[in-house]
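Beneath this line is the structure, given in structure tokens, with notes to follow.
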Amino acid sequence: MGYLVKIQKVDRPTNRSFYVNLPVVMAEALSIEKGEEFDWTVEDKNTLVLSRRKPQRLRRLRRKT
């Protein structure tokens, strides 16, 4: 399942920027914290990949025996 987001463009006299908002549901599911750093990688003209700078350890699920 995906979430639709719109790109915002901000034109200021000293800075031109584009902003992408991350839905809260996704941020909570990924345990993203305020100030955490990410990198954007361009795979092609249709695909951007967002990666954590400091990857979190993945937790293993316990198996019922």
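The values are calculated or read from the model by the stated rules, or taken from the named source; none is laboratory data. Note that the coordinates shown come from a computational prediction; the quantities given were computed from them, not determined experimentally. Cβ atoms come from the backbone with ideal geometry, glycine included; neighbour counts cover every protein chain shown. Side chains included, ligands, DNA and RNA excluded: accessible areas come from the protein's heavy atoms. Shrake-Rupley method; radii C 1.70, N 1.55, O 1.52, S 1.80 Å.
Of note:
- In the context of the full set of protein chains, the chain has a per residue accessible area of 113 Å² (1.4 Å probe).
- Candidates per GluC sites (Glu not before Pro) in the range 7-59, loop by DSSP, up to 14 other Cβ within 10 Å: E33, E36, E37
- The chain: C-alpha gyration tensor shape, a/c 1.5 cut-off, then a/b vs b/c: prolate
- For K54, the aspartates and glutamates whose Cα comes closer than 15 Å to its Cα, not counting residues fewer than 8 places off in the same chain, are E33, E36, E37, D39.
- In order along the range 18-33, the phi-based Karplus estimate (6.51 cos²θ - 1.76 cosθ + 1.60, θ = phi - 60°) of 3J(HN,Hα) comes to 10, 10, 10, 8, 9, x, 4, 4, 5, 4, 5, 4, 9, 6, 7, 10 Hz; Gly and Pro are listed as x.
- Sparse-neighbourhood loop sites, chymotrypsin sites (Phe, Trp or Tyr not before Pro) in the chain - DSSP loop, at most 10 other Cβ within 10 angstrom: Y3
- Carbon/sulfur fraction of accessible area - the chain, other protein chains in place, 1.4 Å, %: 51 percent
- Of K34, K45, K54, the residue with the greatest mean-square motion in the GNM of the chain, using alpha carbon springs below 10 Å, is K45.
- Estimated purely from DSSP H runs of n ≥ 4, each contributing -39500 (n - 2.57), the mean residue ellipticity at 222 nm for the chain is -2000 deg cm²/dmol once divided by its residues.
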